[in-house]
Amino acid sequence: MPCLSRAARRLTGMLILLGLALLAPFGRAIAADTGERFAAIVIDAETGETLYARHADARRYPASLTKVMTLFLAFDAIEAGKLKLTDRVTISPRAAARPPSRLGLPVGDHLTVGQAMDVMVVKSANDVATALAETLGGTEARFAKTMTAKARLLGMTGTRFANASGLPDPGHYSTARDLALLGRAFLRDHPQDYAIFDQESLVFRGRRIQGHNALLSRAGIDGFKTGFVNASGFNLLTSGMRDGHRVIAVVLGGRTARSRDAYMARLMRASFAALTIRGAGTELAVADLLQVEDAMWAAPKRSASRSMLAQASRPETLAATQGDGAPAASRTTPGWWIQVGAFRSKASGQARLAAVSQRHPHRFGQRRTDLVRLGDLFAARFAAASRAGAEAACEVLVADGEACLALAE
């Protein structure tokens, strides 16, 4: 089990204790975006493990997330020597007639494959997607059959493509899970090409085109695609890395771009937090963390104030979150706890406390113990008189390969 630094242990403990206080300002956005078109999933990019899922296998319109598959096949063709970035993509009458978003080139005009691919990512241009599909497949319909065949090879069993752009069609659909599989397959098969999705803007023929993916400006998030049609709502496929962990997430059916982005930002941060907490030996999933947060907002007497939540965004801060709302300044000596795990039953928590006391009788045998309810989990803790005492006791357990977190009350 990896040893976490004191700062990392404190941050992990804070996330558990405050119920993802770092993410709390977006709570209302989540509630607003869980309508009938909503679906979401987060997977571990390395292992494929599902970290969070909600309606992940329900059929949805993917909108412009479709273009990730179009680009996937274009990169396949380049790798196979069948296509070059400098090859010409010509705008056909059918391409020029596609509904917005469009680049707007006239019939007969052209751009390079490389330009077309960049424009598809940033502008999400449907006319360019159709033109590239025709370049690759002869017709867009034929290319769409190739897209579906590729989807089957990737294990995307709930997906069928009818076009290269994602414009609505009854025969064009996917699922959140399948789109996450698509993202993982792209990272696996074309890691050197993934950077194409990390473009916030581009210049085409002297004109700057601004992209739609606002999350690219956030630390740790580095790619993939937004999408929107009226039939789908606001969609997003994204990926990011933090502390050596890469996750892939999909959100479908957002009611606005802003609320979709807020949901995705919270979901990503919760996923990274869950992986960090897992590294500390605590049984906690993304859904558990979100549930803890919901429980805290539903019980204000036991939750932190908004000002305290803001302070909690600093890793060095461990705000007191329980009590009757007395100002923190009145508490000159906060209590400290030594948390040795979070479990789904009281019996498991009590067994953990007993085992630690038995293995380390001089350090833990005489300490006061407690089981604190955190959503559906029970945090097993020993009392400590001071921060130094809590951290010293934790170091004993960590040195033996056991999980431990030093927490302020």
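Rule-based calculations on the coordinates, nothing more; no lab input. Since the model is a prediction, treat every value here as computed from it, not as a measurement. For neighbour counting, all protein chains shown are included, and Cβ atoms are generated from backbone atoms with ideal geometry for every residue, glycine included.
Centre-to-centre, using Cα atoms only, the stretch 37-103 and the stretch 152-216 are separated by 3 Å.
Listed from fewest to most Cβ neighbours within 10 Å, the set D222, D376 follows the order D376, D222. Put a dot 7 Å past the Cα of D109, heading toward its Cβ, do the same for T256, and the two dots end up 3.3 nm apart. In terms of the mean number of neighbouring beta-carbon atoms within 10 Å, the peptides 178-188, 378-388 order highest first as 178-188, 378-388.
Set Lys and Arg Cβ to +1 and Asp and Glu Cβ to -1, take the dipole of the stretch 34-254 about its Cα centre, and tell me which of F38, A77, L51 lies farthest positive. After comparing all options, I get F38. The charge dipole of the stretch 34-254, taken about its Cα centre with unit charges on the Cβ atoms of Lys, Arg (+1), Asp and Glu (-1) only, comes to about 480 debye. Excluding same-chain neighbours fewer than eight residues apart, the lysines reachable from K123 by a Cα-Cα span under 19 Å are K67, K225. For the stretch 81-148, the set of trypsin sites (Lys or Arg not before Pro) satisfying both a DSSP loop assignment and a count of at most 12 other C-beta atoms within 10 Å is given as K82, K84. Amide H contacts of S101 (H built 1.01 Å from N, in plane; Pro and chain starts excluded): N126 sit under 5 Å, all sequence-distant by 5 or more or on other chains. Relative to the Cα centre, the charge distribution of the stretch 43-89, modelled as +1 at Lys and Arg Cβ and -1 at Asp and Glu Cβ, gives a dipole magnitude of about 400 debye. Taking label points 7 Å from Cα along the Cα-to-Cβ direction, Q199 and K346 give a separation of 6.0 nm. Farthest towards the positive end of the charge dipole of the stretch 34-254, among the residues A149, T112, A95, is the Cα of A95, using unit charges on the Cβ of Lys, Arg, Asp and Glu.
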